[in-house]
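The values are calculated or read from the model by the stated rules, or taken from the named source; none is laboratory data. All of these numbers come straight from a predicted model, not from anything done at the bench. Cβ atoms come from the backbone with ideal geometry, glycine included; neighbour counts cover every protein chain shown. Side chains are part of the model used for accessible areas, which takes the heavy atoms of the whole protein and leaves out ligands, DNA and RNA. Shrake-Rupley method; radii C 1.70, N 1.55, O 1.52, S 1.80 Å.
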Amino acid sequence: MRPCCFFEEKLGSVATHSLPDVVEGEEFRKLRRELVTGELRPNCRSCSARPLIDRGAFEKKLFGYLESERQRLGPPIAKG
């Protein structure tokens, strides 16, 4: 499975895992961290679709998603 049509590497397979397992798996989490921090891998840095995506709209959508996930999962469990 690839996160977009321009992305060359596969980040998981729905042939061997469920879609939620792939999307919430470590490879997709790593990609989301890269997108949030701006530490993009080469194929994202040189993506021809980048000019088509409004950064402010992307950030708003991303942070909205993260907030909904935080609410869905509840507060983190304290380690100690």
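Details
- Residue that is least open to solvent (accessible area, probe 1.4 Å), among those in segment 3-26 that are under 18 Å from Arg45 (Cβ atoms) and of a type in the set (D, E, K, R): Glu9
- Considering the conditions (1) modelled with pLDDT of 85 or more; (2) more than 15 Å from the chain's Cα centre (by Cα), Leu11 is excluded by exactly one of them, (2).
- Selection from segment 27-46 of residues that are outside any loop (DSSP other than H, G, I, E, B), out of contact with any Gly (no Cβ under 9 Å at 6 or more places or on another chain) and open to solvent by 60 Å² or more (accessible area, probe 1.4 Å): Arg29, Lys30, Arg33, Leu35, Val36, Thr37, Pro42, Arg45
- Restricting attention to segment 47-76 and to residues that are under 25 Å from Glu9 (Cα atoms) and hydroxyl-bearing (Ser, Thr, Tyr), the residue that is surrounded by the fewest Cβ atoms within 10 Å (Cβ to Cβ) turns out to be Ser48.
- Subset of segment 47-59 [aliphatic (A, V, I, L, M), under 16 Å from the mean Cα position of the chain (by Cα) and in a helix (DSSP H, G or I)]: Ala57
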